[in-house]
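To start, the structure itself, in structure tokens.
The values are calculated or read from the model by the stated rules, or taken from the named source; none is laboratory data. Every value quoted in this text rests on a predicted model; they were computed, and no experiment measured them. A quick note on method: Cβ atoms are made from the backbone with ideal geometry, for glycine too, and the neighbour counts reach across all protein chains shown.
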């Protein structure tokens, strides 16, 4: 009986095909700018090729944001409407430090290794560490609210917390720092990261960023800790009864998800060379929610697909329908949810398992008769 | 059977507003016994269970486990001490496989819960343990079924398996046979008897099936309206007049 117990071969929630698919996509995406360059004849840093690189960069960053949301909602079962706080928090931390602190620091100090000036690199590392710290703090803040509240009450509180941060960045009191309504514009980023002059660099950085985030999150949800986080989604009472403290695992889910979102936000801030209140608004959270649901909750690869679809659709729908495109998209979204309630990837996995089990039953029946 | 007490409730009370569900209950569970708690609906059995397992805060009184005060200990810490609980309403992880349901419970007491970047399925010790438990409760061959796809009787076995995988010393069974057909009951009783005796565990059992209670328990506590009405061996309880009036009388009256 026990010899066929090999969970590595029979895992339900994970599958190796995912890794193969994502590798194929990685190769395709690496080749994309060069293929575009060949087909259209436009240079790597101009015209159509450059435009589509931009579209893809936004897709990569949004995919990470959506995946981080999936980690929280799809795996942890935590429905937060304030997730944009982490994304926007990362973006604002980056923009604020780069705009107000980095220029001063760089004009006053010069850190040299031999003849190479590494001040800029040190500053960037420091700023990203700050982004990390702020993300962790925001994650802790949100998880603190989940200690006592559940369900709708918890969702409302996360919405309120998110809105509070939104109002904070829009406050005119801090206009000289945050730019209030307009946000922070013209954030000075190093030349090699400049989205206009060196778009290809950002393209590859964000592509690798997405890929690494996917691998790390995939690893996390299959780790002992990740499995307990999934148990929190499934049945909190039971989880507590077998000896897990739900608060601890929810905090881990919140903080790790917040870190990914914060880093995505910082990268988004580099891409836009700005940070604006929209990045921290509830609309941002809803976008992540839509991408996640579209692709499939609790699949990780689903949100990536969802982000790609969102990005493509918003691009084409805008040219076709003008400013009313969200209306058309809304109808499409409702239809997708009606027909594919588990999202695209989720539904596909369900059906695939049915097919697989069907074959297993047939072979099982045949072998039993013999 | 030893005389050592493993769990003790002292003057335990629980009130929901004006309703006193558990009223000044004193109960001593001796080690390595099968202790049944019976009583009509609304007698406070499940509430007592919730107090013993820590799901609800007590209004008054104390709970002692092996002489240690655990009254204010949260459920997950009680689980680590060795108190396991099964539920009256099936309480499993519906969208996970049977193996994963039990593996999670097996992992709980280990030291690998905070390894964020290693693969859960590489920890063979938990899987071995789970397979052993799956064998014990008779779910072999069902390892990769989703828990929600199991028939009711097997969900009850899974419920039992989750509790067993935590390797508790004291098992709290809240109506383990609830909703099962009478043909399935003997098998489950045998499993319960086996797991309790095998590792000299102690069990507290809330149950409605009188024949079952009478045959497997060593001690029976009868509760009525939140109070302890009587306590004794099955033989003594069956003869107790008060109990007959409050509880058994009705049931046997219906049967005859």
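Yes or no, residue by residue, for (1) at pLDDT below 95; (2) within 14 Å of chain B (Cβ to nearest Cβ); (3) out of contact with any strand residue (DSSP E or B) (no Cβ under 6 Å at 6 or more places or on another chain); (4) within 27 Å of residue A:292 (Cα to Cα):
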| site | (1), (2), (3), (4) |
| --- | --- |
| A:11 | yes, yes, yes, yes |
| A:42 | yes, no, yes, no |
| A:60 | no, no, yes, yes |
| A:70 | no, no, yes, yes |
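Please find, among A:125, A:138, A:167, A:118, the residue that is under 26 Å from residue A:278 (Cβ atoms) and without any contact (Cβ under 8 Å) to a residue 40 or more places away in the chain.
Values: A:125 fails: under 26 Å from residue A:278 (Cβ atoms); A:138 fails: without any contact (Cβ under 8 Å) to a residue 40 or more places away in the chain; A:118 fails: under 26 Å from residue A:278 (Cβ atoms).
A:167 is the lone residue from the list that is under 26 Å from residue A:278 (Cβ atoms) and without any contact (Cβ under 8 Å) to a residue 40 or more places away in the chain.
Restricting to region B:55-68, name every residue that is part of a strand (DSSP E or B) and surrounded by fewer than 19 Cβ atoms within 10 Å (Cβ to Cβ).
If the condition is that a residue be part of a strand (DSSP E or B) and surrounded by fewer than 19 Cβ atoms within 10 Å (Cβ to Cβ), then B:60, B:61, B:62, B:64, B:68 are the ones that fit.
Within region A:244-258, can one find any residue that is crowded, with 18+ Cβ neighbours inside 10 Å and more than 14 Å from every other protein chain (Cβ to nearest Cβ)? Among the residues of region A:244-258, at least one is crowded, with 18+ Cβ neighbours inside 10 Å and more than 14 Å from every other protein chain (Cβ to nearest Cβ), which makes the answer yes. Taken together, B:11, B:50 contain a single residue that is over 20 Å from residue B:243 (Cβ atoms) and either outside the structural domain of residue B:225 (by TED's automatic domain parsing) or in a helix (DSSP H, G or I) (or both), which is B:50.
Are there any helices (runs of 4 or more DSSP H) wholly within region A:158-240 with 3 or more residues that are buried (at least 20 other Cβ atoms within 10 Å of the Cβ) and within 14 Å of chain B (Cβ to nearest Cβ), and if so which?
On the way: elements: A:175-178, A:199-221, A:224-234.
Here the list reads A:199-221, A:224-234.
Just wondering, is there one or more residues in region A:354-366 that are touching a residue at least 12 places away in the same chain (Cβ under 8 Å), assigned to a helix (DSSP H, G or I) and on the phi < 0 side of the Ramachandran plot?
First, the residues of region A:354-366 that are touching a residue at least 12 places away in the same chain (Cβ under 8 Å): none.
No, region A:354-366 has no match at all.
For residue A:270, are the conditions met, namely being part of a helix (DSSP H, G or I) and buried (at least 24 other Cβ atoms within 10 Å of the Cβ)? Judged against the criteria, residue A:270 is a match. The criterion of at least 2 residues that are within 7 Å of another protein chain (Cβ to nearest Cβ) and either closer than 24 Å to residue A:248 by Cβ or touching a residue at least 40 places away in the same chain (Cβ under 8 Å) (or both) is met, among helices (runs of 4 or more DSSP H) falling completely within region B:69-186, by B:75-81, B:98-108. Residue A:359 meets all of the listed conditions (1) touching a helix residue (DSSP H, G or I) at 6+ places or on another chain (Cβ under 9 Å); (2) surrounded by fewer than 20 Cβ atoms within 10 Å (Cβ to Cβ) but one, namely (1).
Do we have residue A:300 as surrounded by 17 or more Cβ atoms within 10 Å (Cβ to Cβ), in contact with a helix residue (DSSP H, G or I) (Cβ under 8 Å, 6 or more places away or on another chain) and within 30 Å of residue B:76 (Cα to Cα) here? Lay out the reasoning, then the answer.
Numbers: surrounded by 17 or more Cβ atoms within 10 Å (Cβ to Cβ): yes; in contact with a helix residue (DSSP H, G or I) (Cβ under 8 Å, 6 or more places away or on another chain): yes; within 30 Å of residue B:76 (Cα to Cα): yes.
Yes; evaluated as a whole, the condition is true for this residue.
Does residue B:196 count as closer than 18 Å to residue B:30 by Cα, in a helix (DSSP H, G or I) and touching a residue at least 60 places away in the same chain (Cβ under 8 Å)? For residue B:196, the condition - closer than 18 Å to residue B:30 by Cα, in a helix (DSSP H, G or I) and touching a residue at least 60 places away in the same chain (Cβ under 8 Å) - is met.
Which one of these is under 20 Å from residue B:223 (Cα atoms) and surrounded by 23 or more Cβ atoms within 10 Å (Cβ to Cβ): B:27, B:83, B:38?
Working: B:27 fails: surrounded by 23 or more Cβ atoms within 10 Å (Cβ to Cβ); B:83 fails: under 20 Å from residue B:223 (Cα atoms).
Of B:27, B:83, B:38, the one residue that is under 20 Å from residue B:223 (Cα atoms) and surrounded by 23 or more Cβ atoms within 10 Å (Cβ to Cβ) is B:38.
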